[in-house]
């Protein structure tokens, strides 16, 4: 085979591979999901300025997109608070329903903050709880639409320099006392 034929064969193989193999990363949780929302649901999302105090927000029909700094400013004024890093489509035993988490916090007299990993209004609406506000990290503030990245940046900012040991890195339940991180747990019920 001549050099000319080898080059054309290589070009042909590359062409076939790039057109036949399509890896799609667009399932729930890969990105924020904001760009896939319809107009009605986009209107339910409120991107808050950094100066806004989120402590007294109470409109469960809206999802407020916040920074960790805004959440920390609320936590400072609370005796005991729980931040539940909720993933709408999580099926692991560590992921519990919003109503179960709210019931737990009400019994313990904890202030609950639910921070969703990404937008999924089907799950938000299915787990709708009148007395519960859902927040989401502001992916625009963190300058990335990739959920793993903005959630990592959000958590680092929320923890304010505190480091979780490797085994606790992915725990969804973060406990705070007067704004100070106390502990994280993989489950509320152990």
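Can you tell me which residue is modelled with the lowest pLDDT among those in the stretch 56-76 that are outside any helix (DSSP H, G or I) and buried (at least 16 other Cβ atoms within 10 Å of the Cβ)?
By that ranking, first place goes to 57.
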**Message:** Residues to consider are 84, 118; find the one that is at pLDDT 95 or above, in contact with a helix residue (DSSP H, G or I) (Cβ under 9 Å, 6 or more places away or on another chain) and in a loop (DSSP other than H, G, I, E, B).
**Reply:** 118
**Prompt:** Do you know which residues across the stretch 124-133 are in contact with a strand residue (DSSP E or B) (Cβ under 9 Å, 6 or more places away or on another chain) and either part of a helix (DSSP H, G or I) or surrounded by 20 or more Cβ atoms within 10 Å (Cβ to Cβ) (or both)?
**Reply:** 124
**Asked** Looking at 181, 176, which is the one that is within 17 Å of residue 114 (Cα to Cα), in contact (Cβ under 8 Å) with a residue 24 or more places away in the chain and either in a loop (DSSP other than H, G, I, E, B) or in contact with a helix residue (DSSP H, G or I) (Cβ under 9 Å, 6 or more places away or on another chain) (or both)?
**Response** 176
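Looking at this structure, is residue 94 surrounded by 15 or more Cβ atoms within 10 Å (Cβ to Cβ) and assigned to a strand (DSSP E or B)?
Considered against the rule, which asks whether it is surrounded by 15 or more Cβ atoms within 10 Å (Cβ to Cβ) and assigned to a strand (DSSP E or B), residue 94 comes out as no.
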**Request:** Just need a number here: residues in the stretch 97-123 that are under 17 Å from the mean Cα position of the chain (by Cα) and either over 21 Å from residue 155 (Cα atoms) or surrounded by fewer than 17 Cβ atoms within 10 Å (Cβ to Cβ) (or both).
**Result:** 4
**Request:** Give the residue that is farthest from the chain's Cα centre (by Cα), with candidates limited to residues of the stretch 77-89 that are crowded, with 16+ Cβ neighbours inside 10 Å and within 18 Å of residue 151 (Cβ to Cβ).
**Result:** 82
**Request:** Check whether at least one residue in the stretch 163-176 is out of contact with any strand residue (DSSP E or B) (no Cβ under 7 Å at 6 or more places or on another chain), surrounded by fewer than 13 Cβ atoms within 10 Å (Cβ to Cβ) and closer than 22 Å to residue 63 by Cα, and report yes or no.
**Result:** no
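The values are calculated or read from the model by the stated rules, or taken from the named source; none is laboratory data. Predicted model, so just to flag it, every value in this text is computed and none were measured. Neighbour counts are summed over all protein chains in view; Cβ atoms, including those assigned to glycine, are modelled from backbone coordinates with ideal geometry.
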